[in-house]
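Notes for the one structure printed next.
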Amino acid sequence: MRIGDAARLIGVPTHVLRHWDDMGVVSPSRTPSGHREYDEEQVRRLRVLRACQEVGLSLGEIRLVLHRDEAGRAQVIEERLSRIRAQRERLADAESFLEHVRTCRHDLLTRCPSCSRFADEG
Ligand SMILES: [Zn+2]
């Protein structure tokens, strides 16, 4: 399919797909007139790429992740997993803090041990 259709399908502007092509992440073939032509496999790659970006992976990291034989791949994945787990912990802390604040009866948050504990952890 043409770049416009692929971009619509993935939900990104066409310049993003051209950039990914220039970076060698997903490089479609060209029609005789020079238009990019994406096949099914490449569209699947584009979807994976988009999903990876949405969870905060950089283009460099994604390139490593998409190539099974790439050196350093395991390390990139491990690092990203630790970052995701750390983020999840911070989000869980924020969630319990907000749930507490919703019903906190102290007039000043600084006088509440539960509220202060959250500030210390953050
Ligand atoms: Zn409180």
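The values are calculated or read from the model by the stated rules, or taken from the named source; none is laboratory data. The structure presented is a predicted model; accordingly, all values stated were derived computationally and were not measured. Virtual Cβ from ideal backbone geometry, glycine too; neighbours counted across all protein chains shown. Keep in mind that these areas ignore ligands, DNA and RNA; they rest on the heavy atoms of the full protein, side chains included. Shrake-Rupley method; radii C 1.70, N 1.55, O 1.52, S 1.80 Å.
Listed values, structure above:
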item	result
Nearest-20 debye value, the chain charge dipole, Cβ charges on Lys, Arg, Asp, Glu	200 debye
Fraction of accessible area attributable to carbon and sulfur, the range 54-122 (%, probe 1.4 Å)	52 percent
Per residue, in Å², the accessible surface of the chain once ligands and nucleic acids are set aside, probe 1.4 Å	70 Å²
Distance in nm between pseudo-label sites at Ala119 and Gln87 (7 Å out along the Cβ direction from Cα)	2.8 nm
Any cysteine of the chain lacking a neighbouring Cys Cβ under 4.7 Å - listed by number	Cys52, Cys104
His67 - accessible surface, heavy atoms, 1.4 Å probe, Å² rounded to 10	70 Å²
Within the chain, longest stretch clear of exposed trypsin sites (Lys or Arg not before Pro) (DSSP loop, no more than 12 other Cβ within 10 Å)	1-67
Cleavage-rule hits (GluC sites (Glu not before Pro)) in the range 1-80: DSSP loop, at most 16 neighbouring Cβ within 10 angstrom	Glu70
